[in-house]
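Contents: one structure, followed by commentary.
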Amino acid sequence: MEKLASKVQGLELLLKLTLELCSERSLEKVLEKAWAELARVMKAERSSIFLLDEEKGELFSFVALGAQEIRFPKEKGIAGAALTSGEPILVADAYGDPRFNPAIDSATGFRTRSMVSVPLKVPNGERIGVVQVLNRKDGRPFGKEDVALLQALASVVGVAIHTAQLYREQQRATDAVIHSIVRAVEMRTERGIPHAPLVSSFCEIIGRAMGLGEEEVRRIRWAGALHDLGKLSVPDRILLKGEPLTDQERPVYESHALMSGRLLEKMNFQGELAGIEDLVSFHHKHYGGGGFPPGGPQREEIPLGARIIAVSDAIWCRMYPRWGEKPMGFQEALHSLAEGMGVVWDPKVVEAAFQRRAELEEALGKSLADQGKREA
C-alpha cells in the first residue's frame, strides 16, 4: 500500500507540474515550488536542477532547495557523469562511488548519502543540465521507481525550459525591432534627446510599483516605446517649431496620438502586443475628461497602460519642453504633476511615480549617460 500511495503521489505531482508549466512562461517560481514538492513526495532531504553553462563549461544550480548557487566543471561528480552519459544514475552510497564529488558537501555543509541524477534534455535531445534528489529522509536508498518518476519530471521540465528559452528569444527579437523603429522615428522627431526609451523605462518602473504582472508591464513598456510613432505624420514646420503652436497648428500636432494607434492597429499584432494601439491612442487623454483625441474614454475607462504612459511622458515633457517653456529638473517635473492629480492624471499612477522616484531618476541618469556614450 505504501508503494501504491507513493506512486499516486508521484503521478499527481507530475500532472500538477505539467499543468503549471504549460501556463507559466517564467519558470523560477514554479520550479522552486515543484522541486520542493518533489522532495516531499520522494521523501528526499534536498532536490536541485543544474543547468549547463556552455561558455564556462560548468553546471550551475538553477534550483537547489536549501542551498546557494553551486557551480562545478560539467564533467565532474555524479551530475557530470549523468550529463556526459545521457543516462540516469542511481547511487545507494554516495561516498562509496568514485564519481562522487565531496567538495560540494564540504562547501554546503550537507552530507549526501544516496541520490538519483537524471540528465535534463530539450525536445531535440540536446542535454542542457541535470536534475537530482538527495537522501531519502527514512535513510533508505532510492529505488528504480524513484528513477522513473524523476525521468518523467525531467522530461516535462526540459520541454518547459526549452519553451521559456524560445519565449525569451522572441522577447529579445521584439525589443530589437521596437528599438530600431524608435531610433528611426526619434532621429527626426526628438532632436537627438532620448525620449521614447526613457518614457518606456518610466512605464516599466511605474507598472511594477502598481503591482502589475510581468506580461502587462512588458506590454506597457513596449507601448511606451511606440507611443509617438504617429509623429511621423506631423510636418517638421510644426513638430520642430520650438515655440507655441497656433490654433491651426495644434490639431495637426495632436493628431499624432490617434495616428500612432492607427499605425499599430494596421500591424495586426498578436499575443502580448495585441491591443497595444489603445494604449498609445489615449495616452494624451485627461483622467477627468478632455485632452486628445476628442471624445473617447475618461477616468477608469482609459486603459491603465495609457494612463501610465501619460504620466511618464509628462515628466519628460516638463524636462525637455517642445514649445519654448522653461525646462524643469527631474524633481520639479515630478512634483508639478501633483497639481493635475485627478484632473489630468490618474492619482494612483502619480502616487506610484512618487513612490519610485529614486528609480525613475536613476533611469534618467542611465539614459543620459548612454546618450553621452553614443555621441562621444
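There is no residue in the stretch 137-145 that is within 25 Å of Glu58 (Cβ to Cβ) and either touching a strand residue (DSSP E or B) at 6+ places or on another chain (Cβ under 9 Å) or of a type in the set (Ser, Thr, Tyr) (or both). Taking the numbered list (1) more than 25 Å from Lys241 (Cβ to Cβ); (2) surrounded by 22 or more Cβ atoms within 10 Å (Cβ to Cβ); (3) modelled with pLDDT under 95 in turn, Gly275 passes all entries but (2).
Quick check, is Glu351 outside any loop (DSSP other than H, G, I, E, B) and under 19 Å from Phe202 (Cα atoms)?
So Glu351 fits the description; yes.
Could you tell me whether the stretch 295-305 includes any residue that is within 30 Å of Gln170 (Cα to Cα), surrounded by 17 or more Cβ atoms within 10 Å (Cβ to Cβ), among the small types (Gly, Ala, Ser) and out of contact with any Gly (no Cβ under 6 Å at 6 or more places or on another chain)? Yes: the stretch 295-305 contains one or more residues that are within 30 Å of Gln170 (Cα to Cα), surrounded by 17 or more Cβ atoms within 10 Å (Cβ to Cβ), among the small types (Gly, Ala, Ser) and out of contact with any Gly (no Cβ under 6 Å at 6 or more places or on another chain).
Based on this model, can you work out whether Ser312 counts as hydroxyl-bearing (Ser, Thr, Tyr) and over 30 Å from the mean Cα position of the chain (by Cα)? Walk me through it before giving the result.
Details: hydroxyl-bearing (Ser, Thr, Tyr): yes; over 30 Å from the mean Cα position of the chain (by Cα): no.
Here the answer is no, as Ser312 does not meet what is asked.
Scanning the stretch 119-175 for residues that are closer than 28 Å to Ala92 by Cα, part of a helix (DSSP H, G or I), of a type in the set (A, V, I, L, M, F, W, C) and touching a residue at least 24 places away in the same chain (Cβ under 8 Å) yields a count of 8. Only one of these is without any contact (Cβ under 8 Å) to a residue 40 or more places away in the chain and over 25 Å from Pro294 (Cβ atoms): Gly261, Gly213. Name it. That would be Gly213, the only listed residue that is without any contact (Cβ under 8 Å) to a residue 40 or more places away in the chain and over 25 Å from Pro294 (Cβ atoms).
The values are calculated or read from the model by the stated rules, or taken from the named source; none is laboratory data. Source: prediction; values computed, not measured. Note that each Cβ is placed from the backbone with ideal geometry, even for glycine, and that neighbours are counted across all protein chains shown.
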